[in-house]
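Presented below is the structure to which this report refers.
The values are calculated or read from the model by the stated rules, or taken from the named source; none is laboratory data. Owing to the predicted nature of the structure, the values given are computational and were not obtained by experimental measurement. Don't worry about glycine lacking a Cβ; one is built from the backbone with ideal geometry, like all the others, and counts go over all protein chains shown.
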Amino acid sequence: MPQFRNLTPAEIAAVESLGSSAEAWSQVSVTDDFTPFQLLQSHLEGKVVIGSGARIIRSRVCNYHLGEGALVEGVTALECRRRSTFGNGVGVATMNECGGRTVKIYDRLSAQAAYLMAVYRHRPQTMAALEKMVDDYAETRASQTGSVGKDSRIVGARFIREVRIGDNVTVDGASLLENGTVCDGAHIGVDVKAYDFIAAENARIDNGSIVERCFVGESCRLDKAFTAAESLFFANSHCENGEAASIFAGPYTVSHHKSSLLIAGMFSFFNAGSGSNQSNHLFKSGAVHQAVHLRGCKFASGAYIMSPALEGAFTMIMGHHSFHHDTSAFPYSYLIEKEGRSVLMPGANLTSYGAVRDIEKWPARDRRTIRRDVINFEEYNPYITSGMLRAVDTLHAIAEEDPDAPTYVHQKAIIRAAALKRGIGLYNRFIVAALGAMLDRGESAERYDGSGRWLDIAGQYITKREVEAILDAIDHGELTSPEEVDNRFRVFSVHYDDYAHSWAEGVYASLLGHIPTVAEIEEAIAAGRNARATMRRTTDADRDRDCSLDMAVSYGLDSDDEGEVRDDYYSVRGLK
């Protein structure tokens, strides 16, 4: 720990000659290697501590500790006017604008802990315990003095009030930051306004974005005048130009267009097309409704959802949907609008190369270093596969009601008979592929019991049994801090492959009617490889169609020669 001292009379005279002043020099502390040139044309108020090599240039600083090598230059006011928890403990009205799912944020918030606080409101004892954990943690972060970490740069900003700034942070040209924490490595850019917020490690808020009562998670990016209120953004989410209000943006939530609104919903591994919109206010009881778009959903341009609504994982949504559908039973589907009605094509997204591309790109685009949010990227997993098993049963049951019907209606969505039959085939192929993949990973062990229902907890695949055990441990006082809660999720993730293997083995046993032999498991693994190869050929063919010369329309604009058109197309697309 560095030793601090007051300035000597000679040093005070020297810094005053360089244009600096202080409300009380006795409240200013410096290290032994302090030089007067660390203070230029600045005014200090209250208690100010200046670390080794830290500089304050043309700025007003009040009640702040500057770490080693920090720079504060051209800042109208860097001040801590009162005791603050620096955004820790702020309540964020996520998912529900009326505050029914309020999550208290803190600078080590994980997606899994936030999910528990948002979703399990039917367990008031658990909610009270979790909120007390956050309140207790927030109190440990409280101080009368703000801080700027080692080697951080605050340049050209206007007002920074009650903000704790970590190490290696850049604040460049921000307009107003108030009551927040900017964690290590984060960047806050020009014209940004942020109130009651936390920006996690390596987050980036830039170019006129406005943030109010938000948590911006690790390696997230809000850019190009994006506005967000009462929202949570987790690992690697990237939103710009548009607007978010009361959303739970799980990992990899992406929205890039000016005309897009995300409101009162839960998203993850999500992409919003231009003009995406939702309504959570039916002009009756107020803005009380919510929608949940499970992992991997996409909105096509102009997509519209009237809440409440729920879509299955990896669903592509196109058109307007106003009948409060629930398609959660059918992952990897298309939900389209036809003649004003919602039409579901079960499993249709399994043939799209776009879904494959998404699944492959997410781990490659993981920019995190701390990885506080637990994320499973596995394509073949118990959560999706169990959903497909239920989907097959549901589709058979629907068809049996009227085998000759041309269409069926399920949970406000229309399913055509041909799409139903095709969906059963697509799901069965995926199930074979997935069981083989999971049996080929992990090992059988009694202590890793993966049987029963699986959940997707904001990016983590985990058994419902384990989640309920975590919640019960919170109720019983066995877990007393956010870190202990997070650790339970991390421990499960370490052995995910073994739990998934256990689940797959149990499902395979139920299909066979007996415990599978080693030879039967090897057969299932081989069948899975074949099914995956078949599926990949299908999606590769979809990619090839998207890269074929049929897509060369508008290329070779001034050419009369087909060869030149082809060459222009191949050159621009990077093909062949």
Practice task
Kindly establish whether ALA519 is surrounded by 12 or more Cβ atoms within 10 Å (Cβ to Cβ) and of a type in the set (A, V, I, L, M).
Solution key: no
Problem - ARG213 of a type in the set (Lys, Arg) and surrounded by 18 or more Cβ atoms within 10 Å (Cβ to Cβ) - result: yes
Practice task
Would you check if VAL190 is over 23 Å from the mean Cα position of the chain (by Cα), closer than 23 Å to SER237 by Cα and surrounded by fewer than 21 Cβ atoms within 10 Å (Cβ to Cβ)?
Solution key: yes
Practice task
Scan segment 86-102 and give yes if some residue there is hydrophobic (A, V, I, L, M, F, W, C) and within 20 Å of ASN168 (Cα to Cα), otherwise no.
Solution key: yes
Exercise for the section: At least 1 residues that are hydroxyl-bearing (Ser, Thr, Tyr) and in contact with a helix residue (DSSP H, G or I) (Cβ under 7 Å, 6 or more places away or on another chain) in each: list the helices (runs of 4 or more DSSP H) lying fully within segment 430-543 that qualify. Expected result: 496-512
Practice task
Would you be able to say whether some residue in segment 106-118 is farther than 27 Å from SER493 by Cα, surrounded by 18 or more Cβ atoms within 10 Å (Cβ to Cβ) and not small (Gly, Ala, Ser)?
Solution key: no
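Conditions (1) farther than 17 Å from ALA54 by Cβ; (2) without any contact (Cβ under 8 Å) to a residue 12 or more places away in the chain; (3) within 42 Å of the chain's Cα centre (by Cα); (4) buried (at least 17 other Cβ atoms within 10 Å of the Cβ), marked per residue:
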residue: PRO2; (1), (2), (3), (4): no, no, yes, no
residue: LEU7; (1), (2), (3), (4): no, no, no, yes
residue: ALA10; (1), (2), (3), (4): yes, yes, no, no
residue: ALA13; (1), (2), (3), (4): yes, yes, no, no
residue: LEU18; (1), (2), (3), (4): no, no, no, no
residue: SER26; (1), (2), (3), (4): yes, no, no, no
residue: SER29; (1), (2), (3), (4): no, no, yes, yes
residue: PHE34; (1), (2), (3), (4): no, no, no, yes
residue: GLN41; (1), (2), (3), (4): no, no, no, no
Problem - Filter result for ILE370 (at pLDDT 95 or above and crowded, with 24+ Cβ neighbours inside 10 Å) - result: no
Exercise for the section: Answer yes or no as to whether ASN376 is surrounded by fewer than 21 Cβ atoms within 10 Å (Cβ to Cβ), within 28 Å of the chain's Cα centre (by Cα) and among the polar types (S, T, N, Q). Expected result: yes
Practice task
For segment 237-296, please list each of the strands (runs of 3 or more DSSP E) lying entirely inside it that holds at least 1 residues being on the phi > 0 side of the Ramachandran plot.
Solution key: 243-249, 261-267
Handout entry: Filtered residues of segment 218-247 (kept if crowded, with 24+ Cβ neighbours inside 10 Å, within 21 Å of ILE154 (Cα to Cα) and small (Gly, Ala, Ser))
Key = SER219
Practice task
Go through segment 76-92 residue by residue and tally those that are closer than 16 Å to SER20 by Cα and either under 32 Å from the mean Cα position of the chain (by Cα) or of a type outside the set (A, V, I, L, M) (or both).
Solution key: 2
Practice task
Mind listing just one residue for me: the one in segment 193-210 that is touching a Cys at 6+ places or on another chain (Cβ under 7 Å) and in a loop (DSSP other than H, G, I, E, B) and, of those, surrounded by the most Cβ atoms within 10 Å (Cβ to Cβ)?
Solution key: ALA200
Handout entry: Qualifying position, being under 25 Å from the mean Cα position of the chain (by Cα) and surrounded by fewer than 17 Cβ atoms within 10 Å (Cβ to Cβ), among VAL494, VAL485, VAL467
Key = VAL494
Practice task
Kindly establish whether GLY149 is over 22 Å from the mean Cα position of the chain (by Cα) and either over 16 Å from PRO482 (Cα atoms) or small (Gly, Ala, Ser) (or both).
Solution key: yes
Exercise for the section: Check whether at least one residue in segment 536-552 is surrounded by 15 or more Cβ atoms within 10 Å (Cβ to Cβ), out of contact with any Pro (no Cβ under 9 Å at 6 or more places or on another chain) and small (Gly, Ala, Ser), and report yes or no. Expected result: yes
Handout entry: Qualifying positions in segment 193-224 - over 15 Å from the mean Cα position of the chain (by Cα) and among the small types (Gly, Ala, Ser)
Key = ALA194, GLY208, SER209
Exercise for the section: Answer yes or no as to whether GLU218 is within 24 Å of GLY89 (Cβ to Cβ), among the acidic types (Asp, Glu) and in a loop (DSSP other than H, G, I, E, B). Expected result: yes
Practice task
Go through segment 382-425 and give me each residue that's under 15 Å from MET345 (Cβ atoms) and of a type in the set (Ser, Thr, Tyr).
Solution key: THR394, THR407, TYR408
Fill in the blank from the handout: Of the residues in segment 14-55, those that are among the hydroxyl-bearing types (Ser, Thr, Tyr) and in a strand (DSSP E or B) come to SER21, SER29, THR31
Completion exercise
The condition of being in contact (Cβ under 8 Å) with a residue 24 or more places away in the chain, within 26 Å of the chain's Cα centre (by Cα) and buried (at least 22 other Cβ atoms within 10 Å of the Cβ) holds, among VAL169, VAL163, VAL182, only for VAL163
Completion exercise
Subset of segment 553-576, residues exposed (fewer than 12 other Cβ atoms within 10 Å of the Cβ) and at positive phi, comes to SER554, GLY574, LYS576
Problem - First in segment 99-122 and at positive phi, second anywhere and among the small types (Gly, Ala, Ser) and part of a loop (DSSP other than H, G, I, E, B), Cβ under 7 Å, 6 or more apart - result: GLY99/ALA93
Practice task
Identify all residues within segment 501-541 that are among the charged types (D, E, K, R) and closer than 22 Å to TYR353 by Cα; write none if there are none.
Solution key: ARG529, ARG532, ARG536, ARG537, ASP540
